[in-house]
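Notes to accompany the following structure.
Computed from the coordinates by the stated procedures, all read-outs in this text should not be read as laboratory data. All values derive from a computational prediction rather than experimental measurement. Using ideal geometry, Cβ is built from the backbone for each residue, glycine included, and neighbour counts are taken over all protein chains shown.
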Amino acid sequence: MIRTAMVGLGKMGLSHLAILRAHPELDLVAGCDSTAYLTDILTKYSGLKCYDDFDRMLEQEPLDALVVATPSKLHAPMVEKALNRGLHVFCEKPFVLDVHDGEKLVSLAESKGLVNQVGYHYRFVGAFKEAARVVASGALGTVHHVRAEAYGPVVLRTKGGTWRSAKSEGGGALYDYACHAIDLVNFVVGPPAAVDGVVRHGVFSRDVDDEIYCTLRYADGCSGQLSVNWSDESFRKMSTKVSVWGTNGRINADRQECQIFLREPQAALPGMGKGWTIRYTTDLTEEVWYYLRGEEYSAQIDYFAKSIAARRVDGTNTFRSALEADRLVSMITGQTAGSMPPPSAQPARKGVLSRLFT
């Protein structure tokens with residue numbers, strides 16, 4: 001059994017806690033949170049050993065792995081402490097709020113040979129995995145445009161809010177919502193080299209952005225669009241979509257389905273004919289041992305556990321791949337300048353999925 005602890009027992013943390021406790025290969029031995037009422041209730045009714053001090057938990061518990069689900073501003077220092085103790089780490093998204101912190105943690109994890117993963121759960125959704133598989137096959141021809149969208153009802157009032165809508169803690173819609181769409185662009189097509197035409201608005205928030213729009217640029221001439229708004233109550237919950245256009249067709253993928261249009265059939269996609277093919281997430285998703293919120297949440301934890309067992313340090317959703325999303329966010333905010341390397345230096349758009357399905 002992999003002795004595991006987690007820090008951060010809020011909404012997302014409690015979901016992870018339930019999944020971790022149900023996993024057959026993970027032994028959740030401790031939890032940590034600064035809210036005494038919460039930890040008292042968990043200890044009383046679930047028997048989980050809880051701490052209110054992260055350093056003390058690391059000192060007293062012999063651990064193999066740590067799950068971090070705290071507010072984003074705490075990710076970097078906590079992950080660093082865990083890595084320095086030789087722990088494998090699963091960290092909720094966004095990875096970090098500062099690219100330099102991320103670069104340091106990537107180097108530290110890789111130098112120690114530790115499994116590292118960030119919670120971009122959409123990579124485990126069947127429809128998005130299928131979109132990445134189709135693009136990687138080359139069946140769309142030359143990809144020339146990609147569009148990523150994320151909308152939802154998070155901040156709908158001028159007053160109030162949570163740590164997610166505080167600039168120093170969560171980073172607003174750019175870090176909390178846009179990062180999902182950005183990571184899907186990186187997963188399905190590859191990381192853009194630069195951004196321009198950035199539009200950032202605070203609809204209700206004073207400290208952070210509630211909507212973000214920009215153009216994505218690739219060195220080989222491919223372009224993209226990012227459109228994110230978490231103050232849109234026309235959506236009941238978060239809705240994320242990725243569309244890709246190529247010289248031989250296009251793809252539309254969301255949580256429910258992957259729509260594939262081919263101008264001409266391709267040997268790389270046997271069984272898909274000319275015109276539209278629709279593949280549903282329900283048909284593309286493997287059954288998980290425990291269901292909570294969606295199969296993808298259990299699947300990503302299972303992937304983390306299997307990575308530890310196999311010492312797989314180059315899997316999907318690593319710190320390095322998550323840092324690519326943070327780097328693009330940094331370009332959007334103007335903290336980091338985009339660059340346009342020659343096409344030969346651009347990340348390959350094939351073979352994206354080989355680490356995910358093994």
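Here the convex hull built on the C-alpha positions of the stretch 123-289 has a volume of 128 cubic angstrom per residue.
Only beta bridges with both residues in the chain are counted; by DSSP, about 60 percent of them are antiparallel.
For the chain, a Gaussian network of Cα nodes joined below 10 Å ranks Gln259, Gln60, Gln225 by mean-square fluctuation, and the top entry is Gln60.
Can you show me the helix-derived [θ] at 222 nm for the chain, built from DSSP H runs with n ≥ 4 at -39,500 (n - 2.57) apiece and divided by the number of residues, rounded to the nearest 500. Numbers along the way, then the final one.
Working: 11 runs with 117 residues, N = 358.
About -10000 deg cm²/dmol.
For the chain, report the % of Cα-Cα distances exceeding 32 Å. Value for the chain (Cα pairs over 32 Å): 31 percent. Among Arg21, Arg133, Arg217, the largest mean-square fluctuation in a Gaussian network model of the chain, built with springs joining Cα atoms closer than 10 Å, belongs to Arg21. Once you've got the Cα coordinates, tell me which of Lys11/Lys49; Lys73/Lys241; Lys11/Lys93; Lys81/Lys104; Lys241/Lys274 are over 21 Å apart. The pairs that break the limit, which is 21 Å between Cα atoms, are Lys73/Lys241; Lys241/Lys274. Annotation: amide H-H contacts under 5 Å for Thr142 (H modelled 1.01 Å from N, sequence separation of 5 or more, or interchain): Thr247, Asn248. Relative contact order of the chain: 20 percent, from C-alpha pairs under 8 Å at least 6 residues apart in sequence.
Under unit Cβ charges (Lys, Arg +1; Asp, Glu -1), what dipole magnitude, rounded to 20 debye, does the stretch 123-289 have relative to its Cα centre? Before the final figure, lay out each step's value.
On the way: 19 positive and 19 negative charges, 30 e Å.
Using only the charged Cβ atoms, the result is roughly 140 debye.
Close amide H partners of Leu28, meaning residues 5 or more places away or on another chain with modelled amide H under 5 Å apart, are Thr4.
For the stretch 17-22, 3J(HN,Hα) computed residue by residue from phi via the Karplus equation (6.51, -1.76, 1.60; θ = phi - 60°) reads 4, 4, 5, 4, 5, 8 Hz, glycine and proline entered as x.
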